[in-house]
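J.: Structure provided below as structure tokens; questions to follow.
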There are 2 protein chains.
Amino acid sequence: MTITLQPVKGTRDFYPAEMRLRNWLFDIWRETSRQFGFEEYDACVLESEDLYIRKAGDEITEQLYAFDDKGGRRLALRPEMTPSLARLVLQRKNALSFPLKWFAIPQCFRYERMTRGRKREHYQWNADVVGQAGQTAEVEVLSVLLMSLEKMGLSPEQIRVHLNDRRILNAILEHIGVPEALHLPVMVVMDKRDKISGEALDTQLSELGLEAEQVSRLNDFLRMETLQQIGEALGHAGHAGDAGFSGALGEMRRLMETLEAVGFGGYCQFDITVVRGLSYYTGTVFEIRDAGGKLRAICGGGRYDSLLSAFGGDPVPAIGFGFGDVVILELLAEVGLLPELTPEIDYVVIPFSKDQVPAALTVGQALRRAGFRADADFGFRKLKRALQRAGEIGARKAVLLMPEELERGELVVRDMAAREEKRVAVEAFLASPE
Amino acid sequence: MTITLQPVKGTRDFYPAEMRLRNWLFDIWRETSRQFGFEEYDACVLESEDLYIRKAGDEITEQLYAFDDKGGRRLALRPEMTPSLARLVLQRKNALSFPLKWFAIPQCFRYERMTRGRKREHYQWNADVVGQAGQTAEVEVLSVLLMSLEKMGLSPEQIRVHLNDRRILNAILEHIGVPEALHLPVMVVMDKRDKISGEALDTQLSELGLEAEQVSRLNDFLRMETLQQIGEALGHAGHAGDAGFSGALGEMRRLMETLEAVGFGGYCQFDITVVRGLSYYTGTVFEIRDAGGKLRAICGGGRYDSLLSAFGGDPVPAIGFGFGDVVILELLAEVGLLPELTPEIDYVVIPFSKDQVPAALTVGQALRRAGFRADADFGFRKLKRALQRAGEIGARKAVLLMPEELERGELVVRDMAAREEKRVAVEAFLASPE
């Protein structure tokens, strides 16, 4: 029997070098989350398919890896984490102490055509604030995002936060006479702007029932660059705290001011073209993109105050994001910020003949019991080749079991960087390795 | 639309409390692996089904979550990690520097009847040594296992290593006249000894073609307690280095001596009933079980020198184990060794009115930029209730934005454990938080 050695199409293998990079990224995500008081949670990659079935025609639900299990249950590999989060919150709604600030790093699956920065699986950092009304939640999720990106070495020259609000998009659609029932399906189509041509986009909008005139007026709005232009076109000045659209305009201004005040102003811009493809967003939506505009969005998210009630609970204010591990690594590679990560170990113990094996095992285990990282090399190579291998595995020191010295009860401890050796008595070394 | 709030049958949700425990366990697994020089790798949970199809009737391949993707590929959620490891090794055989010492913590899926300690998914620590001939590999994988268990607080009173060798089982089957083609299927059945009754086991062995006399003689062998008894019954003394069975007996003795020498002797015993259900094992097989014998095996593994050649490569010596996250947590709970893990954060910043929000955001972000973990509480509770919540989220200190003090440019910093408060100037605090 011979097997296919490649991973399943669209999925990745992580050899130790790729895994070091993944762990580096995950560690930044985890530690930044914890710095903001987010607690980690998880759910199973396997969920009921009905968790992802939505009326608005979300692209994501067309791309499910779904199947029947041996018991006839209709299951799916999760395409995103938010529905699982909503499920967990509703399951223990009465026992949980709100607001929740939770994060996770789930692997998510989408069966789609593969393009740059898009495979059929990716890991996706999620952080959500659930049950905290008011814009502080927006500020917190954008701050945790930007702080993680700064830890990777990125700055406003390389990345931009594009901010919008679904309530502004709703006001525009209402203004040009699109019936409310069509708002969500229209937004799902609008979100494809980076994947399909402007013409194809217009065609899909027409197919949804928009008049040519409406499509044209919508495109006029999407070309506007400032809040002021849009406010004027719609006849509102915008005041935070107002109901609906006017409030949305005013709150967007205030959000940008607050982000400025906490030191992230340089990254942020209003962008009426940001929609996000998930139909459950209700307010603020955002994307972080490379400043050059060459890659897909690095991350995206928004406010989804109605998702929990759609699943059968009371309305709960909620906001969060998804930040995948593929596009960010492309960007870091492009701007020369990928870290060089090599294996690291404190000691490698090297015997030179088989009768030294018990001694090597004992020395190695004594080092580990003392808290060190210690590998042992049982390749019985010549000294030069053994030291070369010690370098490859990242050893800081090598403990050489040289036949003559070992007979005298001594070990040779070599500092790999300094290329210095010293002889130490075995018992003294085992009693207190350094 | 209402959704099912429960996770899919047999799968688990990890709320923050369960996630802290999972991370505690994974951290021990990761750090112990690294202490021995194992490097982390990973593959996708989705693999081609043909990676798991074996002739010997392994139970595991009857329990696959398998399905066709939208492109007609036959895929499966991995039930175990070793086939993926073999695939990765073969894929880059010429570029990799052997021996490999690799570890992973994959989630694995098996559709089976649920019993205590067995769900339909679990996370499973794997560590493997590939390309290192000789018993040092056995000693390393058993040492890394036992050291991780000692870090959890376990000792020989609570856990036992049960050691066997497939070559000894082969010799017994040969001795009682079982044709070689039946050895693997017979072992797959023998491994069910903990799940089904002795009678049902005998019936399944008969169905495979064993005579009643053979079943009875096999059971006699399985009741023997020492290597010596088995050696005598088969007419061999056993010498390490001999070919086949005699070598296996001698090597088993030497392995136990070496484990004694590195400080793990107290855990180990020979156990002829240990088989392991995977057909690819070729030599040493082992299980770690609770000393009371109440739970399923905590972990199991063995030598699989033929798996890589079965997949189309040259033979490569290899040994490894799988150690699930379910049984171990049951055992730790039973013996009172589950750690009490609570959330921990350095600071919580507490504003008491909405106009203090910008100040709270600024103070929080300054603390984070200084490297601290800082949450903020925007619940605008009364002082007493706010301090209670600060305790719940594990804050070491609370920064209180009291209206009068803030007007004077001061913050109140409260040490939560000592219940002591001091007033500090905002600017001084932001410049160097302590």
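Throughout, read-outs are computed from the coordinates displayed, never taken from laboratory work. Note that this is a predicted model, so its numbers are computed, not measured. No Cβ is skipped: glycine too gets one built from the backbone with ideal geometry, and neighbour counts run over all protein chains shown.
J.: Let me know the mean shielding of B:49-58 by other chains, meaning the per-residue number of their Cβ atoms within 10 Å of its Cβ.
T.: 1
J.: Quick one: if you stick a label point 7 Å off each Cα along the C-beta vector at B:E405 and A:E213, how many nm between them?
T.: 6.4 nm
J.: Need one value for A:358-370: mean number of C-beta atoms belonging to other chains within 10 Å of its residues' C-beta atoms.
T.: Counting Cβ atoms of other protein chains within 10 Å of each residue's Cβ and averaging gives 4.
J.: Just want to confirm a number: the relative contact order over the stretch B:185-342, from Cα pairs under 8 angstrom separated by 6+ residues, in percent.
T.: The normalised contact order for the stretch B:185-342 reaches 15 percent.
J.: Could you give, in nm with one decimal, how far A:M416 is from each other copy of that position, shortest first, with labels 7 Å out from Cα toward Cβ?
T.: Shortest to longest, the spacings are 4.1 nm.
J.: When the helix-only estimate is applied to chain B (DSSP H runs of n ≥ 4, each -39,500 (n - 2.57), divided by the residue count), what is the mean residue ellipticity at 222 nm, nearest 500 deg cm²/dmol?
T.: -11000 deg cm²/dmol
J.: Let me ask something else about it. Provide Rg over Rh for the stretch A:38-117; use the alpha carbon set for both Rg and the Kirkwood Rh (inverse mean inverse pair distance).
T.: Here Rg/Rh amounts to 1.01.
J.: Amide H neighbours of A:T284 under 5 Å, counting only residues 5+ apart in sequence or on other chains, H built in-plane at 1.01 Å?
T.: Answer set, sorted by chain and number: A:R166, A:R303.
J.: Follow-up. For the stretch A:177-184, what does the Karplus curve 6.51 cos²θ - 1.76 cosθ + 1.60, with θ = phi - 60°, yield as ³J(HN,Hα) per residue in whole Hz, taken in order and with x for Gly and Pro?
T.: So the Karplus estimates, Gly and Pro as x, are x, 7, x, 4, 4, 8, 4, 5 Hz.
J.: What Kirkwood hydrodynamic radius do you get for the stretch B:1-160 when you take the inverse of the mean 1/r over all pairs of distinct Cα atoms, in Å?
T.: 18.0 Å
J.: Turning to a different aspect of this structure: With a Cα-only, solvent-free Debye model of the stretch A:1-68, what are the log10 I(q)/I(0) values at q = 0.16 Å⁻¹?
T.: Result of the Debye calculation: -0.99.
J.: Between copies, how far apart are the B:L222 label points? List them in nm, one decimal, shortest first, with each point 7 Å from Cα toward Cβ, please?
T.: Ordered by increasing distance: 6.9 nm.
J.: For the stretch B:219-231, just list the computed ³J(HN,Hα) in residue order, Karplus coefficients 6.51, -1.76 and 1.60, θ = phi - 60°, integers in Hz, with x standing in for Gly and Pro.
T.: 5, 4, 4, 5, 8, 6, 9, 10, 4, 4, 3, 5, x
J.: Would you mind working out the magnitude of the charge dipole of the protein assembly as shown relative to its Cα centre, with +1 at each Lys and Arg C-beta and -1 at each Asp and Glu C-beta, to the nearest 20 Debye?
T.: 120 debye
J.: Can you list residues whose amide H is under 5 Å from A:T11's amide H, if they're 5+ apart or on another chain and H is modeled 1.01 Å from N?
T.: Amide H neighbours of A:T11, under 5 Å, 5+ apart: A:R120.
J.: Over the Cα atoms, compute the radius of gyration (one decimal) and Dmax (the largest Cα-Cα distance, rounded to a whole number) for the stretch B:299-400, in Å.
T.: 25.3, 72
J.: Note down the relative contact order for the stretch B:345-431 as a percent, whole number, built from C-alpha pairs under 8 angstrom at least six residues apart.
T.: Worked out over the stretch B:345-431, it gives 30 percent.
J.: Hey, another quick one. When each copy gets a label point 7 Å from Cα toward the beta-carbon at A:E59, what are the spacings between them in nm, shortest first?
T.: 4.5
J.: Another question, if that's okay. For the protein assembly as shown, what does the equivalent ellipsoid look like in terms of its semi-axes, each the square root of 5 times an eigenvalue of the Cα gyration tensor, given largest first in whole Å?
T.: Over the Cα atoms of the protein assembly as shown, the ellipsoid semi-axes are 54, 33, 25 Å.
J.: If you don't mind, another one. Which ³J(HN,Hα) values in Hz, rounded to whole numbers, follow from the phi angles of the stretch A:194-203 under the Karplus curve 6.51 cos²θ - 1.76 cosθ + 1.60, where θ = phi - 60° and Gly and Pro get x?
T.: Working through the residues one at a time gives 8, 9, 10, 6, x, 5, 4, 4, 4, 4 Hz.
J.: From the square roots a ≥ b ≥ c of the eigenvalues of the alpha-carbon gyration tensor of chain A, which class results: rounded (a/c under 1.5), prolate (a/b over b/c), or oblate?
T.: Cα axes put chain A in the prolate bin.
J.: Oh, and also: Given springs between every Cα pair under 10 Å in a Gaussian network model of chain A, which of A:P106, A:P358, A:P343 has the largest fluctuation?
T.: Greatest mean-square fluctuation among the candidates belongs to A:P358.
J.: At q = 0.12, 0.13, 0.15 Å⁻¹, what log₁₀ I(q)/I(0) does the stretch B:112-253 have when each alpha carbon counts as one equal point scatterer in the Debye sum?
T.: Each listed q corresponds, in turn, to -0.68, -0.80, -1.03.
J.: Let me ask something else. If you keep only loop residues by DSSP, which trypsin sites (Lys or Arg not before Pro) in the stretch A:206-300 have at most 12 other Cβ atoms within 10 Å of their Cβ?
T.: A:R223, A:K294
J.: By the gyration tensor of its Cα atoms, with a ≥ b ≥ c the square roots of the eigenvalues, what is the shape of the stretch B:345-431: rounded for a/c under 1.5, prolate for a/b over b/c, or oblate?
T.: Rounded is the answer for the stretch B:345-431, as its axis ratio a/c remains below 1.5.
J.: For the rotation bringing B onto A, which B residue has its Cβ nearest the axis, and at how many Å?
T.: With distances in whole Å, chain B gives B:F67, 2.
J.: Please give me the summed charge of the neighbours of B:E404: other residues whose Cβ is under 15 Å from its Cβ, Lys and Arg +1, Asp and Glu -1.
T.: Here the count lands on -3.
J.: With springs connecting C-alpha atoms under 10 Å apart, model chain A as a Gaussian network and identify which of A:P185, A:P403, A:P317 has the largest mean-square fluctuation.
T.: The residue that fluctuates most here is A:P403.
J.: On to the next question. For a quick check, take a GNM of chain A with Cα springs below 10 Å and name the residue from A:E225, A:E344, A:E405 with the largest mean-square fluctuation.
T.: Comparing A:E225, A:E344, A:E405 in a Gaussian network model of chain A, the most mobile one is A:E405.
J.: Name the residues whose placed amide hydrogens come within less than 5 Å of the amide hydrogen of A:V349, ignoring near sequence neighbours (fewer than 5 apart) on the same chain.
T.: A:D375, A:A376, A:D377, A:V399
J.: Let me check I've understood the local charge: for B:S97, count other residues with C-beta under 15 angstrom from its C-beta, Lys and Arg +1, Asp and Glu -1. What total comes out?
T.: In short, +2.
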